[in-house]
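Following: one structure in structure tokens, then a few remarks.
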Amino acid sequence: MSGPGPGTALGVTGMSVSYGNLVAVHDATFSIGAGESVAIVGPNGNGKSSLLMGIVGLARRRGEVTIFGSPAPAGDVMWTARRGLTLVPERRQLYPNLSAADNVVLGCYSWTRSARKARRSDAYGRALDLFPDLRSHLRQAAGTLSGGQQQMVAIARGLAADPKILAVDEPCLGLAEAVSKRVYEALARVHEAGTTLIVVEEAPKRALLICDRRVEVRNGVVRAPAGGARP
Amino acid sequence: MMKFGNLVVAGIVTGSIYAVFAVCVAVWYRVSNILNLAVGDFAMTGALGVDYLSRVENWPLPLSILATLAAVAAFGYCYDRVVLSLAQDRLRRHEGIVVTFFFTFALSFFIEGIAQILFGTNVHAAPALWPGNSLNLGGGLNIVRAGILVLACAVISGGMFALYIRYTLSGKAIEASGENYLGARIVGIDTRRYRRSIFVITALLAAIFGIVESPITGYTYISGAVISLTGFIAAAYGGFRHPARALVAGLAIGVLEALLGGYVSAEYGDTVMYAILAALVLARPRAMGFESAVSN
Amino acid sequence: MAGLSRLVTARMRPGRPGAPLTTTGLVVVVGLVVVLAFGQQYAGSVLVLAFTYAIVTTGMAVQIGFSQQIAFSQSVFMGLGAYGAALLNTHLNLPTLAAAPVVMAGSGLLALLLGSVVTRASGLALAVATIMLPLIATGYVSSAGYLGGSVGMPLAGNLWQASSPELIAAGNGVITVIALGLVVFVASRILNSDVGLELYALGVDERTAASMGISTPRRKLELFVLGSMFASLGGAVYAGTQLFVPATLVGSAAELSLLIMLFVGGRRSIIGAVAGALAVEYVSGASEWVSVNILLVEGALITVVLLVDPEGLAGIAATARARLRERRRGSGGLAEVPGPADTAGAAADAADAAGAAGAAGAGRLRVTDWAPASAPASGTGVPLLECAGVSKDYGGLHVLDAVSLTLPARGRYGLCGPNGAGKSTLLGVIGGTVSPSAGRVLLGGTDVTGLQPQQRFYLGMSRTFQAVHLITGRTVLDNVAVSCLRSQRSSLAAGIAGSRLGEARDKAAEALDYLGMRGLSGREVSSLTLESQRMVEFARAIAPRPRLLLLDEPAAGLSEPQRDRLSGVLHALGEVTCVLLVEHDLGLVAQITERIFVLDYGRLVFQGSPAEFNDSAVVNSLLIGQ
């Protein structure tokens, strides 16, 4: 198992993630190269989301995580965001009473405190351009949007942070087939633009269409074939 | 008619105190899911602190005000750092009724105890910031000058807060923290720091209002309790999450109190008011805007 | 974060209630010793005052200690008792000792009236409504001349009439301790009875308790009346020992003081309630400074205690005892062990269970024994369960979209689908914890769509949830007995007179036998592995012999041998009742069930036999992927 080398966007070494007494992920080691797209698959409740939460800093973890070579301090979400890793969480976690535009603009929080600068930035513009369907709904309260629109808002919020690595947890949870297709098209375009992409999916059929390789998580144990090869 | 009008005006003045405290409770609850039942005591501290420094220690008034506010801010900061952090940020998150009521109950007791030691048990008030007689609003309606200050403070602080929330990114971040804790942390919002800031700001705001309002009613070391409670009840009518509704409820309670005191009975006016409020809650909990926020 | 959903969410340690006679004996003996030894000194009078408050806090422990529903009414009833006794003594010359039962009865009636209005509310509405009671009371009392206004009302009648002050003090003290003993005895009997077990279950999770048939509304009223009566007894005793009723006895400060005493001591423990009152009163009586600055001290005290342990002193004591036990046993408890299972514990459990035959059917329960309890016989041809056009919307999301299915009276059925497809929601709609936006649910032909989970339970429905909600501090047997309590038919008074817990425990023992878990019945639940805890929940679900059993991911977290055993049990159960399980493990589903339903985006996209399931193209693309 190779350690983090040059061109490694995300390196994870011996990481375990726990909630209280329950250990969700055991001793995970794998790495993701810059510009890659990886699908994290495995049955539900086996640790896929916990893996991401631990990396980003929202769950207690031990072990080492490096982002573009720099070791990430445990529990510091702001640091990981500033370093270029943004998470679009499971079930979206939007702010239901704020407008869709406000939800997206808050994604810029990691790099600015000025609402005006945020709205005028390239990152914000690109995030909205990716989902032209949202244009007419920007002023609507996010809680009143449909599931698919909410997912788009969540991804746009992730992109507003101008990330180099975008991690998306179960992007199509509860969405209809046609909508899932559109979401994945958007994710494919994000990847084509050069962003490293990580997608967590329970049923990986759609994810594998756009991902180079897969990482399996079963019972909290990670199995990651070396990068580059299609399984 | 005159009496009715004056009662309403007086009611709006005291109501705006309740309203401000109700808003403090509601906003604070949105950000932290804790009910701050000590707001009234911060008001009392402001009033009695300024009184003590300016009257007993003979400090100039502006200095007394600044010193008192600084002390309140420092205390609020330390309380959050020490107690609230331990309660919320450690692995064992105390949830439900324990956090919701007791920590700030305890804080309220604690502040009252200290005030008792420092200021004694008599009634005091901060010196009036705008001395003079009641102003005549025309048509026989009077309003005390301090009352105008109170309303002005309410409008200014309310307006500033509303603008802050709507137009700045950090204002939106505060709202986001209250809407979705996880979602806020995802974008890098330090919810802990915001909670601390809001707590300190709430305490300061309450203290300022205490200073401005105390010439009207006078405070003792236990005055804060009733104000906190009324603020809490008004915030409850707003469902604890809607500052605008809490504001209206506070004003309404103030006016109701004044009218009952003037028309029904000076002694039993408050008693009747609480009975009415309790009956309303029991009869139509949903119409009154209640969510079972505590029963989880 | 499905992994989180399997955390044991009951983080409280209420501990087992002490046996009534032991607890009462302890309190009474200690109390008498204290009173007779120190009775004449200042310390003695402080302790008598403390015991008086303990009468009130013990009632509070039972009334509000367990549920998350706080009602701020005790100081009002304490004042009622005190003022009532004073009035009867002063104006009617009734000896205070005789006045006590009179005010208790009066308070009981008043509490019945007030309570039937107040307890209709719950949660926040209840708290806000009752928080005004002390305010109303203070407002009235301070202006009422005949009650002494804002000062208070003196009276002349001691509880114990005697010639010398020493005898009076001693007699007062003894009567106070006896009253406390009575209250402790009644409270203890309640906690040890079937009603007590209900309270413990409610304290863990109300939703699970409701699904096990525990009905809250009537219980709340009964507890309100009980707590109020005890509070007024405390008030009468107060009047008779202090010979003065201060106006500050009612009011929000007094109410908060009582709550602080309860929470410092431990709200779910009778000894805790008594200890809390003792601690606070003693500290305030011991030092002049403390007594004057009681607000400061109480505020600091409750903050510190709550930060250390929300269960107060009783919780701290329980944790200490548990740590000592662990150290003596030598095991490390549920440590962070690399590896999915606590292997030592699993081995022990397996050994216990190995005594039974590997397949199901071991134990006394046979097909013919399974007469589903309290279930009206449904006519032939009427399906047991029917969902007709069930839909559920959350905001913009259609979680369920016109789902229609029927299940017959017996058999094993599976519900599958990708994450977010609506499986748990459908289970919730059937079980009654989720109300549908459209459509109906019929059980045996009866429309149950509007019924609460408790009511569906009594019609023969039972279910498990994904998260484990067991009562820590109590045994496996008691936890399984929760579903056999027949709460609908029992009353508080009956619980005091004679507990029916034995019957519930017997039924629970049968279910444990059936599952081959007999050996575990005496173990305390938090000492079990997560897998065993899930099996305990399963036992709890089948103990009332439901005619429809809903299982939410029953195999999650189970080891291979336990999965096999579960599979065997489900096969046998399917002969006598209807089982519907939500499961991710497709192998297990195909193995166990005879018909499978598949949801996708809230819609039913497939139903058929396991063979058809394996061959179906829709299913393959959906669930298995490439």
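What follows draws every value from the coordinates through simple rules; no lab data is involved. These numbers were taken from a predicted model, which means no experiment stands behind them. Positions of Cβ are backbone-derived with ideal geometry, glycine not excepted, and every protein chain shown enters the neighbour counts.
Details
- In range of the label at A:MET78: residues from the range B:190-212 whose backbone nitrogen is under 15 Å from the point 7 Å along Cα→Cβ: B:190-198
- Ranking of C:LEU97, C:LEU549, B:LEU135 by neighbouring Cβ atoms within 10 Å, starting from the fewest: B:LEU135, C:LEU97, C:LEU549.
- Average beta carbon contacts from partner chains per residue of A:92-100, 10 Å cutoff: 5
- Shape box of the protein assembly as shown [Cα atoms, principal axes, largest first, Å]: 92, 74, 57
- Crossing angle, helix C:216-242 versus chain C [Cα axis fit, 0-90 degrees, rounded to tens]: 20
- Label-zone membership for the range B:197-220, site B:ASN122, 7 angstrom Cα→C-beta point, backbone N under 16 Å: B:218-220
- The modelled label-to-label distance between B:MET160 and B:ILE276, using points 7 Å beyond Cα along the C-beta direction, is 3.4 nm.
- Acute angle (nearest 10 degrees) that the helix C:252-265 long axis makes with the longest principal axis of chain C, alpha-carbon atoms: 60
- Charge context of A:LYS181, other residues only, Cβ under 15 angstrom, K/R +1, D/E -1: -1
- Positive minus negative residues near B:GLY224 (Lys, Arg vs Asp, Glu; Cβ under 15 Å): -4
- Likely footprinting exposure, A:LYS48, C:LYS423, fewest C-beta neighbours within 10 Å first: C:LYS423, A:LYS48
- Summed side-chain charge close to C:ASN620 - residues other than C:ASN620 whose Cβ falls under 13 Å, Lys, Arg +1, Asp, Glu -1: -2
- Residues whose amide H falls under 5 Å from that of C:PHE244, counting only those 5 or more places apart or on a different chain, are C:LEU155, with hydrogens built in the peptide plane.
- Partner shielding of A:105-111 amounts to 5, given as the average count of beta-carbon atoms from other chains within 10 Å of each residue beta-carbon.
- FRET efficiency for the pair B:LEU129 and A:ARG62, taken as 1/(1 + (r/R0)^6) with r the Cβ-Cβ distance and R0 = 60 Å, rounds to 0.55.
- Bins of 10 Å from zero: percent of alpha-carbon pairs in the range B:2-283: 7, 28, 35, 22, 7, 1, 0
- Amide N proximity, the range B:65-87 versus C:VAL304 label position 7 Å along Cα-to-Cβ, cut-off under 15 Å: B:83
- Over the residues of chain C, the helix contribution to mean residue ellipticity at 222 nm works out to -17500 deg cm²/dmol, using -39500 (n - 2.57) for each DSSP H run of at least 4.
- Once the Cα atoms are used to define both axes, helix C:560-576 deviates from the longest principal axis of chain C by about 90 degrees.
- Cross-link partners for A:LYS48 among the aspartates and glutamates, with Cα-Cα distance under 12 Å and sequence neighbours closer than 8 places in the same chain left out: A:GLU90, A:ASP169, A:GLU170, A:GLU201, A:GLU202, A:GLU216.
- Distance between the C-alpha centres of the range A:77-92 and the range B:261-284: 52 Å, rounded to the whole angstrom.
- For chain C, alpha-carbon Rg and Dmax in angstrom: 28.0, 96
- Among B:ILE148, B:ILE253, B:ILE233, the largest mean-square fluctuation in a Gaussian network model of chain B, built with springs joining Cα atoms closer than 10 Å, belongs to B:ILE148.
- With a simple spin-label model that places each label point 7 Å from the Cα along the Cα-to-Cβ direction, the separation between C:TYR146 and C:GLN591 comes to 7.8 nm.
- If you take the Cα centroid of the range C:426-462 and the Cα centroid of the range A:113-180, the two points sit 38 Å apart.
- Neighbour-count order for A:LYS164, B:LYS172, A:LYS205, fewest beta carbons within 10 angstrom listed first: A:LYS205, A:LYS164, B:LYS172
- An oblate overall shape is assigned to the range A:57-117, the ratio a/c of its alpha-carbon gyration tensor axes (a ≥ b ≥ c) being 1.5 or greater and a/b not exceeding b/c.
- Each label was represented as a point 7 Å from its Cα along the Cα-to-Cβ direction; for C:ASN620 and C:SER567 these points are 2.3 nm apart.
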